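Values quoted throughout were computed directly from the atomic coordinates according to the rules given, and no laboratory measurement underlies them. These figures come from a predicted structure and were not determined experimentally. Every residue, glycine among them, receives a Cβ derived from its backbone with ideal geometry; neighbour counts consider all protein chains shown.
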Amino acid sequence: MTPPPNPPPPTRERYRLCCPECGARTADDGLRLTCPAEHGPALLSAEYTSARFATPGRTGLFRYADWLPVVREVPDSPAPVALPAPALGAEIGLTDLWLVFNGYWPERGADLPSCTFKDLEAGAVLGRLPDRPPVLVVASAGNTAAAFAAGCARHDIRCLIVMPDFALPRLAGDGPLPSGVRLVTVDGGDYDDAIALATAVTEGGVGQFEGGIRNVARRDGLGTCLLTAFEATGRLPEVYVQAVGSGAGAVAAHEAALRLRAHGHTTDPLPRMLLGQNAALAPLHDLWRGERRPRDPGVEVLAPELTNGAPPYLPRGGVRDLLRSAGGGLCVADAAATRAAQRLFEWVEGIDIEPAAAVALAGLADAVAAGSVRPDERVLLNVTGGGRQRRAADRPAADPPRPRVRVPAGDVRDPHARQLAAKQVGELLD
Ligand SMILES: [Zn+2]
């Protein structure tokens, strides 16, 4: 049988960017992060002309290219896998639990380079860029760095990655980075410090900030998790469960569900959200509860990627709007519950998961026990961060790459020193 011909490259005419605040619809240039009109912050979303969301005969992320804001397809971009999980469901009191698994699990066909759904974001963001793009500036707590480093290296796209030094082991992979991928660490810092330094670099006129949740490609890349599960089950879940830092994956799942309904694929109700964070440091949870906790710089959590201190709660289309539209809310898990959930998952399913994914599982188990999720509800648990230990056993990794510049966290936290550090980093890119 001859393989189907390659589809033509996707074009920008297939979609427009829509502003949820003023309703403006604009053409995309591959970089735009905000509405051109003057109003409060709002997350643009993409509106696709095609009713079809999956291309028959194709595999990987770009199977969903009809609903991705891309103009190039990045070969070898893997997709998540959706799986029924009856045994795990029985352990926590659910009869219809599904997983969408983002990680490494060879028996199930999962092999994402960063072992997380960040590879879905990176594949879509890189596919969205215009020809001859500016240097992409990415701030990361680790997994995004790994995904963008791998993607930019494969596709010869220049990027600057800013991350806390504790996360360097996440980049331990295939050896040294190519010269186009520049790495800067904030030593002794956290994710917020990485964001502050990356922001200062771009405000100095160097590079293009990748944009995080404001980048429509990131969200629609993540939205393929819900599309994958919808293809496998033919239904929308009644409850969508995920651990969140910014909430981009949850907003993306909601947007994908809205599109499936708008294009007539289903009349199922929109899934309500159950979003998890670390009990000791839970910025989104606290915003949702209307609580203010002083940030304790010494607090340690098992899943630091869930600690974004300035999450997009209030912007139009952000997490507050998501919870108002979808229902549900935030939950938290402490370290003991998180570790117990990790052990349970590995014992039942036979693959390791990271603390972030376990935070979501622990929160789901609590919600079932408390009756806020009914035993017979159709639940989709997004597991992101899976199989890292298995992969390390299967494929020994090289040492992590050495950063070009190391900036002490104290310098990032001092406005004057931060400007000087940003200038030094910016000179790296000339
Ligand atoms: Zn607008």
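Distance from the Cα centroid of region 323-348 to that of region 253-271 is 25 Å (rounded to whole angstrom). Over the C-alpha atoms of region 390-429, the Rg to Rh ratio, Rh being the Kirkwood estimate, stands at 1.28. Diagonalising the gyration tensor over the Cα atoms of region 128-276 and scaling each eigenvalue by 5 before taking the square root yields semi-axes of 32, 17, 15 Å, largest first.
Spatial offset of region 144-195 relative to region 278-293 amounts to 28 Å, using the alpha carbon center of each. With a Förster radius of 45 Å applied to the C-beta separation of Ala369 and Arg52, the computed FRET efficiency comes to 0.65.
Taking the inverse of the mean reciprocal distance over all distinct Cα pairs, the Kirkwood hydrodynamic radius of region 236-378 comes to 15.7 Å.
Between amide H atoms placed 1.01 Å from N, distances below 5 Å from Asp111 occur with Gly103, Trp105, all of them 5 or more places distant or on a separate chain.
With R₀ set to 25 Å, the beta-carbon distance separating Val299 from Gln419 gives a calculated FRET efficiency near 0.35. When GluC sites (Glu not before Pro) are flagged only if DSSP places them in a loop and at most 11 other Cβ atoms lie within 10 Å, the longest unflagged stretch of the chain comes out as 39-290. For region 300-430, pairs of C-alpha atoms spaced more than 24 angstrom apart make up 53 percent of the total. Each label point was placed 7 Å from the Cα along the Cα-to-Cβ direction; for Thr26 and Arg404 their separation is 2.9 nm. What fraction of the Cα pairs in the chain, stated in percent, has a spacing above 37 angstrom? Everything past 37 Å amounts to 18 percent. P(r) tail for region 95-185, what percent of Cα pairs lie past 20 Å? Percentage above 20 Å: 36. Between Glu377 and Ala280, the FRET efficiency estimated from the beta carbon spacing at R0 = 25 angstrom works out to 0.30. Using a simple spin-label model with pseudo-atoms 7 Å out from Cα toward Cβ, Ala37 and Leu314 lie 2.0 nm apart. Extension gain, Arg339 to Glu107, is 81.1 nm, computed as 0.36 nm per intervening residue step minus the present C-alpha separation.
Evaluated at q = 0.22, 0.26 Å⁻¹, the base-10 log of the normalised Debye intensity for region 79-121, with identical point scatterers placed on the Cα atoms, takes the values -0.71, -0.82.
Think of the chain as a dipole: +1 on every Lys or Arg Cβ, -1 on every Asp or Glu Cβ, centred on the Cα centre; then among Val241, Leu281, Gly363, Val241 lies furthest on the positive end.
With label points built 7 Å along Cα→Cβ from the Cα atoms of His263 and Glu346, find their separation and express it in nm. Taking the simple label geometry, His263 and Glu346 are separated by 3.9 nm. Counted residue by residue at 0.36 nm each, then reduced by the alpha carbon distance between them, the extension gain from Ala90 to Glu427 reaches 115.7 nm.
Each eigenvalue of the Cα gyration tensor of region 273-346, multiplied by 5 and square-rooted, gives one semi-axis; in descending order these are 23, 17, 9 Å.
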